[in-house]
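The values are calculated or read from the model by the stated rules, or taken from the named source; none is laboratory data. These figures come from a predicted structure and were not determined experimentally. All Cβ positions, even for glycine, are placed from backbone atoms using ideal geometry, and neighbour counts span all protein chains on display. Areas reflect the complete protein model, heavy atoms only, side chains present, ligands, DNA and RNA absent. Shrake-Rupley method; radii C 1.70, N 1.55, O 1.52, S 1.80 Å.
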Protein chains: 2
Amino acid sequence: MAAPSPTEPAGWPLDDRGAAYGDGLFETLLVRAGRPLLWDEHLARLARGCHALGIPMPPEHDLAAPLAEAGPGLEVLKLTLTRGSGGRGYRPPAAPAPRLRWQLAAFVPDSGRWWNGVRVRLCRLRLGLQPALAGIKHLNRLENVLARSEWQDDAIAEGLLEDAEGRLVEATAMNLFWRRHGRLETPRLGRCGVAGTLREALMGCLSLHEVDAGLEALMEAEAVWLGNSVQGVWPVAHLEDVEGRGLAVWPVGAAHRAFQAEAHALLGYPCLP
Amino acid sequence: MAAPSPTEPAGWPLDDRGAAYGDGLFETLLVRAGRPLLWDEHLARLARGCHALGIPMPPEHDLAAPLAEAGPGLEVLKLTLTRGSGGRGYRPPAAPAPRLRWQLAAFVPDSGRWWNGVRVRLCRLRLGLQPALAGIKHLNRLENVLARSEWQDDAIAEGLLEDAEGRLVEATAMNLFWRRHGRLETPRLGRCGVAGTLREALMGCLSLHEVDAGLEALMEAEAVWLGNSVQGVWPVAHLEDVEGRGLAVWPVGAAHRAFQAEAHALLGYPCLP
């Protein structure tokens with residue numbers, strides 16, 4: 001079920017439900033010298049996704065098998081799990097045989113550029129509300145693709161997404177965090193968005209409050225960050241609106257570094273001065 | 001770009017964006033003795049989808065190529081077009097090289113059973129609102145898969161979907177039509193749902209009004225139908241709620257048959273007495 005064998009093509013069969021309907025899940029994780037970071041959090045999110053979609057969760061042994069192929073450096077492992085083939089149209093097969101594929105690639109974080117502060121833009125696209133799919137990392141990611149298509153300027157690191165009702169949710173591929181009146185906050189993700197594993201781990205070791213809040217929360221914030229389990233934490237230095245007009249500037253200081261250090265300790269990334 | 005050649009595997013490469021993110025579109029069409037039905041409507045919807053997603057529309061010649069493989073009977077052709085490989089994460093490549101795959105299979109409509117009236121159930125899942133993706137037939141179909149998973153009883157032909165705000169939208173794989181006070185109506189699809197090609201063609205030859213309406217519209221209806229370009233038109237005879245309790249019954253009569261005959265004429269299916 002794990003690695004493509006010589007007798008099995010490395011890709012997806014034409015009738016795979018992942019390719020046909022996005023009927024599956026994925027996890028992208030940091031691997032350091034063969035050791036996966038935040039492994040428990042990744043397994044837990046995949047299990048939540050399997051439960052939500054009704055796909056049998058593979059045994060941990062199968063999910064961990066690709067780690068044997070990892071080299072001595074820093075790599076990113078992408079695991080993709082689909083419901084497999086079968087069923088009739090949208091109707092899933094009664095006894096799905098899930099299909100697991102993986103990709104492992106050497107990785108260098110965008111550290112020098114982004115760990116010291118990023119420019120972020122508000123996206124025009126707003127995320128639709130779908131509680132049945134919220135939080136999990138499923139393969140229906142067209143909203144993220146459309147949002148990431150909104151800018152080409154490489155100086156802009158990420159785009160912030162609001163939901164259809166104007167609440168802050170996340171960035172296109174990262175979670176959002178801020179400190180306001182001394183309190184660490186992150187958007188609640190019960191209606192849309194992906195609950196990142198770094199966010200999950202930070203909630204276990206910091207007093208991080210899930211809130212419903214609009215853009216005004218950022219205007220009141222002393223510090224704002226984006227983070228995920230592969231790139232680590234990027235302090236937000238500049239926020240722009242959908243037209244590229246400046247909305248806010250945050251000088252990167254000690255408050256940024258303290259939160260970043262907590263996150264980077266979980267990923268084996270450095271604390272920055 | 002069309003059929004898989006002997007040197008190219010028939011499936012999708014691991015890095016295809018369709019398989020990774022559902023970053024693509026599909027069309028499922030009826031083929032009668034090698035002739036595609038509602039071809040112009042399928043091409044037009046695919047072109048709208050390409051425009052919405054920023055995927056180059058393939059030349060008609062490539063899309064029509066699989067028809068040369070069709071046999072003398074009734075078949076269904078599924079065309080799937082993805083943005084291809086490349087890009088960085090969600091970010092699409094600057095110059096995408098779309099990938100087209102097709103599947104052709106013999107087809108027998110569920111005629112005897114469904115053309116004479118079906119049992120339909122209301123789904124628990126409600127469609128999220130996302131105007132950026134509404135109407136087109138993209139590959140992010142987890143909502144349809146989850147909705148279709150709500151019942152296993154083969155006596156229930158389809159499930160009706162409302163949107164997050166309680167408006168009627170469609171069935172899991174068909175469009176919805178009804179006649180109320182003598183007027184033919186169908187849900188407006190600007191916020192979610194798929195604009196079917198049979199619906200499109202019927203709007204060109206009948207006075208069919210797009211409306212925003214909730215379940216109460218069906219309670220006032222003289223006749224209700226489901227339809228798509230492959231199965232034709234199913235009169236709705238019984239409607240049940242999410243618990244399986246009866247909501248309404250419509251004896252299938254002349255009003256049903258008139259609308260069905262219009263649709264079936266477009267697909268080469270019989271008029272029923």
**Prompt:** Of B:T197, B:P270, B:A223, which is farthest on the positive side of the dipole of segment B:192-273, counting Cα position, with +1 on Lys and Arg Cβ, -1 on Asp and Glu Cβ, and the Cα centre as origin?
**Reply:** B:P270
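Just to be sure I understand: if I project the alpha-carbon convex hull of the protein assembly as shown onto a plane and average over all orientations, what area do I get in nm²?
If I average the Cα hull's projected area over directions, I get 25.8 nm².
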**Asked** What accessible area, summed over both chains, is buried at the A-B interface (1.4 Å probe, Å², nearest 100)?
**Response** 4100 Å²
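Per the Kirkwood formula on distinct C-alpha pairs, the Rh of segment B:146-201 is how many angstrom? Please report the intermediate quantities before stating the final value.
Working: mean 1/r = 0.0801 Å⁻¹.
It is 12.5 Å.
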**Request:** Note down the nm distance, to one decimal, between modelled labels 7 Å out along Cα→Cβ at A:D110 and at B:D15.
**Result:** 1.9 nm
**Message:** For a quick check: with amide H placed at 1.01 Å from N, whose amide H comes under 5 Å from A:V236's, ignoring anything fewer than 5 positions away on the same chain?
**Reply:** A:V118, A:V224, A:W225, A:L226
**Fill in**
Counting other chain Cβ atoms within 10 Å of each Cβ in B:121-128 and taking the mean gives 3
**Amide N of segment B:134-152 lying under 17 Å from the label point, which is placed 7 angstrom from the Cα of B:E165 along Cα→Cβ** = B:134-135
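Which whole-number percent gives the relative contact order of chain B, counting Cα pairs below 8 Å spaced six or more residues apart?
Working: 558 pairs, mean separation 49.9, N = 273.
The normalised contact order for chain B reaches 18 percent.
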**Prompt:** What is the dipole size for chain A, taken about its Cα centre, with +1 at each Lys and Arg Cβ and -1 at each Asp and Glu Cβ, in debye to the nearest 20?
**Reply:** 340 debye
**Message:** Please compute the modelled spin-label separation between A:M219 and A:M203, points set 7 Å along Cα→Cβ, answer in nm with one decimal.
**Reply:** 2.8 nm
**P(r), alpha carbons of segment A:17-108 - 5 Å bins starting at zero, rounded %** = 3, 13, 25, 22, 15, 11, 6, 3, 1
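Would you please classify the overall shape of segment B:195-273 from the alpha carbon gyration tensor, given that a ≥ b ≥ c denote the square roots of the eigenvalues, rounded means a/c under 1.5, and beyond that prolate means a/b larger than b/c while oblate covers the rest?
Details: a/c = 1.90, a/b = 1.47, b/c = 1.30.
Verdict is prolate for segment B:195-273.
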**Request:** Scan segment B:207-273 for GluC sites (Glu not before Pro) in coil per DSSP, keeping those whose Cβ has at most 13 other Cβ atoms within 10 Å, and list them by number.
**Result:** B:E220, B:E243
**Item:** Charge-dipole axis of segment B:1-123 as Lys and Arg at +1 and Asp and Glu at -1 on Cβ define it, positive-most pick from B:L46, B:W102, B:Y90
**Value:** B:Y90
**Message:** Can you return the lysines within cross-link range of A:K137? Criterion is Cα-Cα under 21 Å, with same-chain partners fewer than 8 residues away left out.
**Reply:** A:K78
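Can you tell me the accessible area per residue over the protein assembly as shown, all protein chains present, probe 1.4 angstrom, in square angstrom?
Values: 20830 Å² over 546 residues.
It amounts to 38 Å² per residue over the protein assembly as shown.
Using a 1.4 Å probe on the protein heavy atoms, what percent of the accessible area of chain A belongs to carbon and sulfur? The partial results should precede the final answer.
Details: 5660 of 10420 Å².
For chain A, the apolar C and S fraction of the accessible surface comes to 54 percent.
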**Item:** Derived scalar couplings ³J(HN,Hα) [segment A:150-167; Karplus, 6.51 cos²θ - 1.76 cosθ + 1.60; whole Hz; x for Gly, Pro]
**Value:** 6, 9, 10, 5, 5, 6, 8, 7, 7, x, 8, 10, 9, 8, 4, 9, x, 7
**Asked** Percent of alpha carbon pairs in chain B separated by more than 34 Å?
**Response** 20 percent
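Please get the size of the charge dipole for the protein assembly as shown, origin at its Cα centre, with Cβ charges of +1 on Lys and Arg and -1 on Asp and Glu, quoted in debye to the nearest 20.
Values: 56 positive and 64 negative charges, 52 e Å.
Around 240 debye, computed over the protein assembly as shown.
About the Cα centre of segment A:18-159, what is the dipole size in debye to 20, counting +1 per Lys and Arg Cβ and -1 per Asp and Glu Cβ, all else neutral? List each step's numbers first, then the result.
Values: 18 positive and 14 negative charges, 90 e Å.
Dipole of segment A:18-159, to the nearest 20 debye: 440 debye.
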**Asked** Copy-to-copy spacing for A:A106, label 7 Å out on the Cα-to-C-beta vector, in nm, shortest first?
**Response** 5.3
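Per 0.36 nm of contour for each residue apart, how much would the distance between A:A265 and A:H181 grow if the chain were fully extended, relative to their Cα-Cα spacing? Let's see the in-between values first.
Values: separation 84, 0.36 × 84 = 30.24 nm, distance 2.49 nm.
Residue separation times 0.36 nm, minus the Cα-Cα distance, leaves 27.8 nm.
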**Table column - 3J(HN,Hα) (Hz), segment A:18-32, Karplus curve with 6.51, -1.76, 1.60, x for Gly and Pro** = x, 5, 7, 10, x, 8, x, 9, 8, 9, 10, 9, 7, 10, 10
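Average partner chain C-beta neighbours within 10 Å, per residue of A:82-89? List each step's numbers first, then the result.
Numbers: counts 1, 1, 0, 0, 0, 3, 2, 8.
Average per residue, whole number: 2.
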**Request:** Would you kindly work out, in nm and rounded to one decimal, the distances from the label point of A:P93 to those of the same position in each other copy, ordered shortest first, with label points 7 Å along Cα-to-Cβ?
**Result:** 3.1
**Request:** Describe numerically, in nm with one decimal, the distance between label points set 7 Å from Cα along Cα→Cβ at A:D40 and at A:V211.
**Result:** 2.9 nm
**Prompt:** Rounded if a/c is under 1.5, else prolate if a/b beats b/c, else oblate: with a ≥ b ≥ c from the C-alpha gyration tensor eigenvalues square-rooted, which is segment A:85-173?
**Reply:** oblate
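Looking at segment B:196-273, which trypsin sites (Lys or Arg not before Pro) are in a loop (DSSP not H, G, I, E or B) and have at most 12 other Cβ atoms within 10 Å? Display every interim value, and only then the final one.
Values: sites: B:R199, B:R245, B:R257; in loops: B:R245.
Answer in residue order: B:R245.
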**Prompt:** Along segment B:221-236, what does the Karplus equation 6.51 cos²θ - 1.76 cosθ + 1.60 (θ = phi - 60°) give for ³J(HN,Hα), rounded to whole Hz, x for Gly and Pro?
**Reply:** 7, 7, 8, 9, 9, 10, x, 8, 6, 9, 8, x, 10, 10, x, 8
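Can you tell me how segment A:112-267 classifies by the Cα gyration tensor, rounded, prolate or oblate, using a/c under 1.5 as the rounded cut? Can you show the working numbers first?
Details: a/c = 1.39, a/b = 1.12, b/c = 1.24.
Verdict is rounded for segment A:112-267.
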